[in-house]
Amino acid sequence: MRHTGLRSIEHENRLYDRLRELSRQLKIPLIEPFLRVSKIDRDGNRELVIDRHCRSYTRNMYNAYFYQLNLLLLGSTYADGSNRCKHINGTSLDTRNFAYNNNVEDGNFGYISEAGELTHGIVIGTGTTAESFDDYVIETIIAHGVGGGQMEYADMVAAQNEGWVGGGPYYFHEMERVMSNNSGGSITVNESVLYWIGLNSNYVFCVLRDKFGAGVAVADGESIAVNYELRQTYP
């Protein structure tokens, strides 16, 4: 189901409350990703416009998780019956390419990217197609720059927070990226993705894609901040 209204978000939160309770009863940890989007005006004031669970962990993420647990490779396609991953260029790849050989917080591996990089970390776009479990790339990327339809992507290396919350109890990893519009015109952002870069820069995988319920219009001189929190709640 794809929900956009407040009532639907509240309903979704109630379902997660039930799922959390089942998780406790069954002694099974619960994976919970969150999406938060803010607009930033010319004076630096923030307005939170989206705050909800993600609805979009992709087949890439689950296939990589299964491989890490089992070291088992199945099939040859990005589809049911196979646990291969799909590169953002559309190529189906051996899931071992999802691995990394450096710190996940390093600017060359994992999610964290430096200014202007669009092949890992948080990337935004103008696509309006609903999320799909089989998503592997952003639909219509907003390029880095100051030309028409472009936005300037900030560094993500320091824009993160992580740790353990005992009252949850849960582990979390929170990442944020700010994109500034200096294009001379308004740009409506409709989607965001979280890209993971693996063993080398040739291996880039989409693990989250979110279609915003309503587009976020970012005027010239304003910015948008996209925040992803990856949380694992324990029973």
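Nothing in this text is a laboratory measurement; each read-out follows from the coordinates by a stated rule. Everything numeric in this text was worked out from a predicted model, so none of it was measured. Positions of Cβ are backbone-derived with ideal geometry, glycine not excepted, and every protein chain shown enters the neighbour counts.
Quick look at the values:
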read-out: Farthest positive-ward along the range 6-233 dipole, Cα basis, beta-carbon charges - from ILE31, ILE50, LEU230; value: ILE31
read-out: Net +/- balance of residues flanking SER183 in space, Cβ distance below 13 Å, scoring K and R +1, D and E -1; value: -3
read-out: Sorted peptide list for 92-99, 28-35, criterion being average Cβ within 10 angstrom, highest first; value: 92-99, 28-35
read-out: Coordinate range along principal axes, alpha carbons of the chain, Å, largest first; value: 51, 40, 31
read-out: The chain, helix-only ellipticity at 222 nm - DSSP H runs n ≥ 4, -39,500 (n - 2.57), divided by all residues, nearest 500; value: -4500 deg cm²/dmol
read-out: Tensor-based shape of the range 69-175 (alpha-carbon gyration tensor, a/c under 1.5 rounded, otherwise prolate or oblate); value: oblate
read-out: Unit charges on C-beta of K, R, D, E only; dipole of the chain, Debye; value: 840 debye
read-out: Selection from VAL207, MET151, ASN161 lying farthest towards where the dipole of the chain points positive, charges on Cβ; value: VAL207
read-out: ALA143 paired with SER186, simple spin-label distance in nm, labels 7 Å along Cα-to-beta-carbon; value: 2.4 nm
